[in-house]
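Read through the structure below, which is laid out as structure tokens, and then see the notes.
The values are calculated or read from the model by the stated rules, or taken from the named source; none is laboratory data. None of the values given here were measured: they were computed from a predicted structure. Cβ: placed from backbone, ideal geometry, glycine included. Neighbour counts: every protein chain shown.
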Amino acid sequence: MDAKTIRDVDVSGKRVFLRADLNVPLDDGRITDDTRIRASLPTIVNLLERGATVVLASHLGRPKGKVNDALRLRPVADRLSQLLGRQVRMTGDALGPGVKVALDKLRPGDLLLLENLRFHAAEEANDPDFAASLAGLADLYVNDAFGAAHRAHASTEGITHHLPAVAGLLMEREVDALSRLLKRPARPFHAVIGGAKVSGKLEVLTALLSRCQAVLVGGGMANTFLAAKGHELGTSLVEEDQIGNARRMLSEARRKRVRLMLPSDAVVAPQIHQRASTRTVSISSVPKDQMVVDIGPETLAAYTEHLARARTIFWNGPMGVFEMPQMAGGTNGMARFLAKRFRAGVVTVVGGGDSVAALEQLGLAARMTHVSTGGGASLEFLEGKSLPGVTALLRADAAIDVTGEKA
Ligand code: ADP
Ligand code: MG
């Protein structure tokens, strides 16, 4: 990436404020997926081994500026301790006298995890005083939180006005991998897009129509496109208010000569339930009392056949309700197909929290060119938007190096 990274600076003996994205899904205090913690390890270990004192900070969930015991970072500290093989100490607050006391005890090679940044409303408000106080904890700022880079918050943007700022290794990997999709990707470049709704992904869909030669639609969002073409879809999730947008995108695809593929068959069920029985029907004969819960085998075959020509594939959004095994065929089939294409030399990039969870479930996350830890951030990046957290690292005053000289 164009910004400096931790490799470009001397960190020995320095206090480093490391903003990571340790925002992991929790179920009753238990971490259900530790991908983001593991993805943050290379930078943490690199800094510690090079003799830095690391002040590690992250947000967790949406506490909305108030202390919320269910969103404390304690489970993250515990998991991090296991992974690092050493006890990770943490503070009871992201800022305040307790932090100063804990900091003063640290030596080079030590690590301290701050409590959830978002317990302070000032974090999301990008409050300048809060940013300055965070900066006061360290000599150097490292941003490794790609998943939070689409937000201009105190710990992702404001702090860079006070400290020399560089990218961590994960940030670098994410930006480099996603940039490859924006800058002359090997063609044909095809996108597979699914997930629940059109509404959250309008902009990325529009962007992909300008960049790709084919866009293959699955998941709940395909229903809205199918409805726009006049299909009756029983009790399926259809966003009535997005039918107009879907229609517009269908005609935009025609105008741009981009192949926009929709399912020809579907797996249907009476409801979304662990024990719901499913069957496969043609898309033109979805029973009135059933809903579409996955793409059907004929669709999967048509999609993979078309994708076999692609040299670059981006995938976001599951093809169905992959959380239920009987509704996961499309998603799992797509994941296995992409892993095979990767082995054949195709660039395969996957983004989106649930799509990545599906890959993890199958143990296929390592069998892709790149699996992004950033859901919203990866989509905004592909839309061509500049991410505040990344821009902040590229700004000239953020590039003052640790010796105080201008880069
Ligand atoms: P990602 O996090 O990968 O971007 P989304 O959050 O957009 O994906 O969508 C994921 C959700 O979409 C999953 O919880 C999945 O169950 C749901 N989903 C997929 N297909 C359908 C469908 N046909 N009907 C209802 N929900 C669906
Ligand atoms: Mg999601």
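Things worth noting here:
- Residue count for the range 239-258 satisfying the condition of being in contact with a helix residue (DSSP H, G or I) (Cβ under 7 Å, 6 or more places away or on another chain) and farther than 27 Å from Met291 by Cβ: 3.
- Failed criterion for Glu115 (all others in (1) modelled with pLDDT of 95 or more; (2) in a helix (DSSP H, G or I); (3) under 26 Å from Ser12 (Cα atoms) hold): (2)
- Every residue from the range 365-384 that is in a loop (DSSP other than H, G, I, E, B), over 19 Å from Val24 (Cα atoms) and not hydroxyl-bearing (Ser, Thr, Tyr): Met368, Glu383, Gly384
- Within the range 303-355, the set of residues being without any contact (Cβ under 8 Å) to a residue 40 or more places away in the chain, within 15 Å of ligand 1 (Cβ to nearest atom) and of a type in the set (D, E, K, R) comprises Glu323 only.
- Taken together, Glu174, Glu157 contain a single residue that is modelled with pLDDT of 95 or more and more than 21 Å from Gly96 (Cα to Cα), which is Glu174.
- Gln271 meets the conditions (1) surrounded by 15 or more Cβ atoms within 10 Å (Cβ to Cβ); (2) free of Cβ contacts under 8 Å to residues at least 40 places away in the same chain in every case but one. The failed one is (1).
- Number of positions in the range 171-210 that are away from ligand 2 (no atom under 16 Å from the Cβ) and either without any contact (Cβ under 8 Å) to a residue 60 or more places away in the chain or among the hydroxyl-bearing types (Ser, Thr, Tyr) (or both): 6
- Filter pass, Leu103 being in the same structural domain as Ile44 (by TED's automatic domain parsing), over 24 Å from the mean Cα position of the chain (by Cα), in a loop (DSSP other than H, G, I, E, B) and closer than 22 Å to Val16 by Cα: no
- Meets criteria (assigned by TED's automatic domain parsing to the domain that holds Ile159 and under 26 Å from Thr5 (Cβ atoms)) for Leu95: no
- Considered as a group, the residues in the range 196-230 that are in a loop (DSSP other than H, G, I, E, B) and surrounded by fewer than 21 Cβ atoms within 10 Å (Cβ to Cβ) include one that is nearest to ligand 1 (Cβ to nearest atom), and that residue is Ala196.
- Any hit, the range 227-247, residues being under 23 Å from Gly330 (Cα atoms), within 16 Å of ligand 2 (Cβ to nearest atom) and of a type in the set (A, V, I, L, M): yes
- Residue count for the range 325-348 satisfying the condition of being within 16 Å of ligand 2 (Cβ to nearest atom) and outside any helix (DSSP H, G or I): 1.
- Residue within the range 22-34 that is in the same structural domain as Leu140 (by TED's automatic domain parsing), part of a helix (DSSP H, G or I) and either over 25 Å from Arg395 (Cβ atoms) or modelled with pLDDT under 95 (or both) present: no
- No other residue among Gly296, Gly374 is within 16 Å of ligand 1 (Cβ to nearest atom), farther than 24 Å from Thr206 by Cβ and either buried (at least 23 other Cβ atoms within 10 Å of the Cβ) or without any contact (Cβ under 8 Å) to a residue 24 or more places away in the chain (or both) apart from Gly296.
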